[in-house]
1. Looking only at the range B:134-155, count how many residues are more than 14 Å from chain A (Cβ to nearest Cβ) and surrounded by fewer than 19 Cβ atoms within 10 Å (Cβ to Cβ).
2. For residue A:19, which of the numbered conditions (1) out of contact with any helix residue (DSSP H, G or I) (no Cβ under 7 Å at 6 or more places or on another chain); (2) crowded, with 19+ Cβ neighbours inside 10 Å fails to hold?
3. Condition first: closer than 21 Å to residue B:130 by Cβ, β-branched (Val, Ile, Thr) and without any contact (Cβ under 8 Å) to a residue 60 or more places away in the chain. Can you find one or more residues in the range B:63-77 that meet it?
4. Hey, could you check the range A:84-127 for residues that are touching a His at 6+ places or on another chain (Cβ under 8 Å) and under 30 Å from residue A:140 (Cα atoms) and say which is surrounded by the most Cβ atoms within 10 Å (Cβ to Cβ)?
5. Which condition from (1) surrounded by fewer than 15 Cβ atoms within 10 Å (Cβ to Cβ); (2) touching a strand residue (DSSP E or B) at 6+ places or on another chain (Cβ under 9 Å) is the one that residue B:76 breaks?
6. Six or more apart or on different chains, Cβ under 6 Å: which pairs go from a residue in the range B:30-49 that's at the interface with chain A (Cβ under 10 Å from one of its Cβ atoms) to one that's modelled with pLDDT under 95 and outside any helix (DSSP H, G or I)? Could you list them?
7. When you check residue A:113 against the structure, is it touching a Pro at 6+ places or on another chain (Cβ under 8 Å) and either at pLDDT below 95 or of a type outside the set (S, T, N, Q) (or both), yes or no?
8. Condition first: loosely packed, with under 15 Cβ neighbours inside 10 Å and within 19 Å of residue A:75 (Cα to Cα). Now tell me which residues in the range B:1-48 satisfy that.
Amino acid sequence: MTQLYYEDVNVGDDVSPLSKNATSQQLVKYAGASGDYYQIHYDDGFARNNGLPGIIIHGALKNAFLGQLVTDWMGPHGQLKKLSVSYRAMDIPNEDLVCSGTVTDKRVEDGVGIVECEIALHNGAGKATTPGKAIVSLPMWGRTKQ
Amino acid sequence: MPDESVISNEMRAHLDVESDPITYDVEKGAVIKFAQAIGDSNPLFQDETAARNGPYGVIVAPPTFLRSLIAGEAKSEFPRPFPNNLDGGSEYEFFQPIRVGDRITVTKAIVELTERQGRLGTMLFTTAETRYVNQLGQLAATQRTTGISYATPVEEE
């Protein structure tokens with residue numbers, strides 16, 4: 001894994017995008033791993049009876065994809081400080097989803113390099129169904145210990 | 001229009017009342033299984049050798065693993081005013097890594113009730129905060145989740 005440094009990052013830079021495609025099998029695995037057994041995520045008849053077009057992806061799984069977007073990008077010595085998402089629209093399995101982001105701010109606070117990003121998960125049609133924000137701290141090249 | 005608020009005193013009585021704490025062991029197998037379920041191959045979350053040489057010295061959990069450490073039931077059931085509910089969003093703050101071998105105590109409370117008029121008629125926004133405290137007594141993370149309760153069913157477009 002490559003390490004990203006504070007000095008490498010500029011406002012307006014892209015967060016390296018992450019592609020995902022959640023199969024129904026992945027939704028079942030996520031239900032088991034997370035303990036969220038709500039049937040709208042794996043029982044098609046149940047989902048339709050609840051007025052949905054079919055099974056839908058767990059919001060928390062989309063949140064996990066956006067978490068991975070940021071942890072992959074920042075590298076092992078980066079630290080995720082804050083991760084927020086809002087669920088604006090539902091997403092369905094077997095679509096090519098793209099998580100992406102843009103750096104919106106960088107600053108040094110108490111000797112720590114802080115970077116803020118706007119992030120979003122986009123559905124197969126390119127619509128941002130799940131926008132959010134992330135704040136990370138990144139290691140610094142030029143840091144002088146006092 | 002001076003409509004009556006849907007936020008009742010009975011609802012307000014739930015504010016800041018914490019659920020009974022539940023303590024979880026962060027197990028290696030559960031962390032690896034979670035990383036695999038979300039399709040995240042980051043070695044820090046599953047490879048003991050890589051993790052040993054990494055910044056934490058041990059496998060750590062992916063950030064949203066905390067979602068699997070489910071809080072206990074509220075002391076009494078929150079009286080939802082409307083039949084329809086949506087998950088509005090989530091906001092995590094992380095203060096300490098979650099390491100394999102940690103013991104995490106989870107509590108949850110409703111912290112904010114807001115009423116709004118919108119596309120779905122009157123909507124009640126319920127914000128809950130879940131707190132994750134490790135075995136050293138450090139607040140490791142918080143998650144704020146917003147539920148939206150509304151009367152009008154969503155129309156198919």
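The values are calculated or read from the model by the stated rules, or taken from the named source; none is laboratory data. Given the structure is predicted, the values throughout are model-derived calculations rather than measurements. Here the Cβ is made from the backbone with ideal geometry for all residues, glycine too, and neighbour counts use every protein chain on show.
1. Selection size over the range B:134-155: 5.
2. (2)
3. Yes; the residues of the range B:63-77 include at least one that is closer than 21 Å to residue B:130 by Cβ, β-branched (Val, Ile, Thr) and without any contact (Cβ under 8 Å) to a residue 60 or more places away in the chain.
4. The selected residue is A:99.
5. Evaluating residue B:76 over (1) surrounded by fewer than 15 Cβ atoms within 10 Å (Cβ to Cβ); (2) touching a strand residue (DSSP E or B) at 6+ places or on another chain (Cβ under 9 Å) leaves (2) as the failure.
6. From the range B:30-49, the pairs are B:44/B:54.
7. Yes.
8. Answer for the range B:1-48, where residues must be loosely packed, with under 15 Cβ neighbours inside 10 Å and within 19 Å of residue A:75 (Cα to Cα): B:41, B:48.
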